[in-house]
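The values are calculated or read from the model by the stated rules, or taken from the named source; none is laboratory data. Predicted model, so just to flag it, every value in this text is computed and none were measured. Here the Cβ positions follow ideal geometry from the backbone for every residue, glycine too, while neighbour counts run over all protein chains shown.
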Amino acid sequence: MPQPSAASVLPPAIAVPTVKISHRGADRLKQGHVWVYRSDVVSAEGIAPGSVVGVVDERGKFLGTALYSSASQIAIRMIARQAVADWNALLRQRIRDAIAYRERVVRDTNAYRIIFSEADFLPGLIVDRYDDLLCLQVLTQAMEAAPVRATIVSELGEQLKPAAVAERVDARVRELEQLPTRSSGLLQGQKSGTVFSMNGVRFHYDALEGQKTGAFLDQRENYAAAAQYARGEALDVFCYQGGFALHLAQHCSKVTGVDSSRPALEVADQNAALNGREIEWIEANAFDLLRDYADAGREYDAIVLDPPAFAKSKRNLDTALRGYKELNLRALKMLRAGGILITCSCSFHVSRSEFMEVVADAARDVHRNLRILENRTQARDHPILLNVPETAYLKCLIVDVTC
Ligand code: SAH
């Protein structure tokens, strides 16, 4: 964790409420993680939901400062190893640091994630930028507090001068965190739509429509990587608003995108027009379509598989792995020799090695040999904290299908 500036650090004597955690919880923090589960909280009496708290071990040793949730299984999310005298000042500093990090690592786009929760030491806050629009998501009680929200919007405004700031609400997360219901909408400004560009490809964006915060920005660098290799006839399965398809269309002679969401395909079609591309969009269940196409002996030179997270928890891991296996098997059947498979998994619960094993298994079943061209992850504006495995979730393999 970066050190807070001297002005916001005081000795542990500072008057914030204190949460005592178990030996196991303290060990977890010592290993570099930033979460403590409720089962490792020994005492948190009288602590208001969303408070800034000092964290101590069972012997009373001070371990750092955290944000407390009274509802989530993740009771404690660390924000500093020291005492924090001025959370407001630290919040502003962290926002500026997150912006500065993107200035160093983000290229060829005006749409990217500015704040990625734990990975930016701002647990519970996500902010995406789409050209001159900002879109934020609040995921925890501490980030929901009115003064905290006001500081976030004010600091983002000062630093980035957006035309508007929108909030997108994930009703399920708010329910789990016992936050009052709230609807998505503009927090500041009037503008909700814009056109952004990444890797030279243009996209429509509407802050009040679509899934997640609007686009799948985590795939941005993978789009460009995939476009390097794909040629000939391409199929983009689970295409949403056409992220991969539009990039592949730069080099492929024919591109087809498949998704079960009609609204997503309507935007995909507008995006194709915006870029002067002809792409075929098919509204279908990907599993049915892949089975039918594979049975009919259709062939492609490039196939993208980018399904939604099949494993929402460890419990449905087996079903998820079967789903990945089936998709990869059908796709591999349809790829010509020399073809390219771009296959992704965004389920944190499916590890990289499990995912690679599934793809390898599918390849064995259809007697194809695969060579890994690239073994990729999320774009670098979605940083991965090495000691917080949960921040690494996206797998994107680009493989060459030989004989
Ligand atoms: N590749 C996209 C992101 C895909 S997100 C991009 O880069 O932007 C997953 C997509 O899968 C969503 O658009 C969702 O509508 C679609 N989807 C979910 N289940 C599906 C199914 N059974 N068949 C087809 N599409 C499905």
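Structure above, values below:
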read-out: Any hit, the stretch 295-305, residues being under 29 Å from Val106 (Cβ atoms), out of contact with any strand residue (DSSP E or B) (no Cβ under 8 Å at 6 or more places or on another chain) and part of a loop (DSSP other than H, G, I, E, B); value: no
read-out: Identity of the residue in the stretch 237-262, within 10 Å of the ligand (Cβ to nearest atom) and aliphatic (A, V, I, L, M), that ends up surrounded by the fewest Cβ atoms within 10 Å (Cβ to Cβ); value: Val258
read-out: Counted residues, the stretch 264-321 - those being surrounded by fewer than 19 Cβ atoms within 10 Å (Cβ to Cβ), within 21 Å of the chain's Cα centre (by Cα) and either within 12 Å of the ligand (Cβ to nearest atom) or touching a residue at least 60 places away in the same chain (Cβ under 8 Å) (or both); value: 3
read-out: Enumerated strands (runs of 3 or more DSSP E) restricted to the stretch 133-210, each holding at least 1 residues that are touching a residue at least 60 places away in the same chain (Cβ under 8 Å), surrounded by 16 or more Cβ atoms within 10 Å (Cβ to Cβ) and of a type in the set (A, V, I, L, M); value: 133-138, 193-198, 201-206
read-out: Condition met for Ala234 (modelled with pLDDT of 95 or more, more than 9 Å from the ligand (Cβ to nearest atom) and surrounded by 23 or more Cβ atoms within 10 Å (Cβ to Cβ)); value: yes
read-out: Contacts under 8 angstrom Cβ, first residue in the stretch 353-364 being outside any helix (DSSP H, G or I), partner surrounded by 14 or more Cβ atoms within 10 Å (Cβ to Cβ) and not polar (S, T, N, Q), 6 or more apart; value: none
read-out: Hey, Ser313 at negative phi and modelled with pLDDT of 95 or more or not; value: no
read-out: The listed residue being charged (D, E, K, R) and buried (at least 22 other Cβ atoms within 10 Å of the Cβ), out of Arg330, Arg336; value: Arg330
read-out: Tabulated pairs, the stretch 383-403, first under 22 Å from Phe310 (Cα atoms) and part of a helix (DSSP H, G or I), second modelled with pLDDT under 95 and not β-branched (Val, Ile, Thr), C-beta under 7 angstrom, 6+ apart or interchain; value: Glu390/Phe348
read-out: Candidate set from the stretch 28-41 (those that are of a type outside the set (D, E, K, R) and in contact with a helix residue (DSSP H, G or I) (Cβ under 8 Å, 6 or more places away or on another chain)); member that is surrounded by the most Cβ atoms within 10 Å (Cβ to Cβ); value: Val36
read-out: Test set (1) more than 13 Å from the chain's Cα centre (by Cα); (2) touching a residue at least 12 places away in the same chain (Cβ under 8 Å) - His367 fails condition number; value: (2)
read-out: Selection within the stretch 256-278 - of a type outside the set (Gly, Ala, Ser) and out of contact with any Cys (no Cβ under 9 Å at 6 or more places or on another chain); value: Arg262, Pro263, Glu266, Val267, Asp269, Gln270, Asn271, Leu274, Asn275, Arg277, Glu278
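Condition check ((1) of a type in the set (Lys, Arg); (2) within 30 Å of the chain's Cα centre (by Cα); (3) modelled with pLDDT of 95 or more; (4) not in a loop (DSSP other than H, G, I, E, B)) across all residues:
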residue: Ile14; (1), (2), (3), (4): no, no, no, no
residue: His33; (1), (2), (3), (4): no, yes, yes, no
residue: Ser39; (1), (2), (3), (4): no, yes, yes, yes
residue: Val42; (1), (2), (3), (4): no, no, yes, yes
residue: Glu45; (1), (2), (3), (4): no, no, no, no
residue: Val55; (1), (2), (3), (4): no, yes, yes, yes
residue: Arg59; (1), (2), (3), (4): yes, no, yes, no
residue: Leu63; (1), (2), (3), (4): no, yes, yes, yes
residue: Ala66; (1), (2), (3), (4): no, yes, yes, yes
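Residue-wise test of (1) touching a Pro at 6+ places or on another chain (Cβ under 8 Å); (2) farther than 19 Å from Val401 by Cα; (3) aliphatic (A, V, I, L, M).
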{"position": "Lys191", "(1), (2), (3)": "no, yes, no"}
{"position": "Val201", "(1), (2), (3)": "no, yes, yes"}
{"position": "Gln228", "(1), (2), (3)": "no, no, no"}
{"position": "Leu235", "(1), (2), (3)": "no, no, yes"}
{"position": "Gly242", "(1), (2), (3)": "no, yes, no"}
{"position": "Leu265", "(1), (2), (3)": "no, yes, yes"}
